[in-house]
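Everything on this sheet refers to the single structure shown next.
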């Protein structure tokens, strides 16, 4: 069913579910999938998804450029992944001990990721980043961890963006620097001194509500140099970008390899799984720390991850995402020129961020994504988006049809604002 302006059916079903949720869930919805911060008209609940398409509770279909906020890398319901998951479910999922597929997955991960001598599995990105920090501290017998200002590393007290319920002690040994700023990094390392346990960095600067920024070669090599000199761990947080930019790790093209790396999101194409990879230097520390979870040995997500990684390697899925990302970026650039709209596209093309110049309150950005949504493209105004291997040329062209009409509406809004200023 194509989207249209008669959204009463959607609103009645979606709003009814929101009302029910408010009674039993604080705020109605927790976390990053809460659409309360998005413009009006965004559905909170969905009925189904397949490939790169979402269907809301009214059956309206959208080309999805969020991919579940990143976990969907091959496409919703990828048949090969689901066949592997179903086969393992028939044998057993969560049992009193792990299934054989845990070892098969570990062997595959170590084979696939150049820096990895070993791997541990968990469930969420926060599990993985927290374990990395814990292992680094155990391995170095030090406390200080350097983290870039504004970087997101999860939802634990040591790193959550919210200070509610967080004590000063939770962050007593976290020091900050500016991403891509080598002097700032060096200053933070000097402050940590002989107590430096680790430098924790994201694959690229992907802060929300900000233009995205690739790491510079000078920065990546400075992180490695500082960690080497101090005997500290270089921790790469590849939770968001891992397996979407490079199967060997997002800093592999820079020739810089981490000592520890956190993975999640795309590792199992939507099945709940996370991983920590590390070098032999931190193998003993990984054995010493106590990290666990009731569901960490669940076999079905591991079988799904095996199928996902093998398919990523065999099919050139990352190249497909990159090609479609360029198609989207080039199309939007041409549309913006045609409508005389100043927008800026940043981030890797398969993880795009689209923001408008001179739009500090996101008035233009909100209008743009609302108009695109009405025309069947699900986009985000201030969080990086995600392409998956299921996006094909006709899907991107469908998005571009929606964005062209949306940019017409944005251009009209800009003209009205300029006319109002001229009158003043």
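Out of the residues in the stretch 66-85 that are more than 12 Å from the chain's Cα centre (by Cα), in a loop (DSSP other than H, G, I, E, B) and in contact (Cβ under 8 Å) with a residue 40 or more places away in the chain, state the one that is farthest from residue 35 (Cα to Cα). The extreme case among them is 78.
If you go through the stretch 125-142 and keep only what is touching a strand residue (DSSP E or B) at 6+ places or on another chain (Cβ under 6 Å) and surrounded by fewer than 18 Cβ atoms within 10 Å (Cβ to Cβ), you end up with nothing. Inside the stretch 350-408, residues that are assigned to a loop (DSSP other than H, G, I, E, B) and within 23 Å of residue 270 (Cβ to Cβ) make up a count of 16. Taking each residue of the stretch 154-176 that is touching a residue at least 24 places away in the same chain (Cβ under 8 Å) and in the same structural domain as residue 192 (by TED's automatic domain parsing) and looking for partners that are surrounded by fewer than 16 Cβ atoms within 10 Å (Cβ to Cβ) and assigned to a loop (DSSP other than H, G, I, E, B) with beta-carbon atoms closer than 8 Å, six or more apart or interchain, yields 155/31; 173/143; 176/149.
Of the candidates 364, 413, the single residue that is free of Cβ contacts under 8 Å to residues at least 60 places away in the same chain, more than 17 Å from residue 332 (Cα to Cα) and either buried (at least 20 other Cβ atoms within 10 Å of the Cβ) or out of contact with any strand residue (DSSP E or B) (no Cβ under 8 Å at 6 or more places or on another chain) (or both) is 413.
The values are calculated or read from the model by the stated rules, or taken from the named source; none is laboratory data. All of these numbers come straight from a predicted model, not from anything done at the bench. Backbone-built Cβ (ideal geometry, glycine too); neighbour counts: all protein chains shown.
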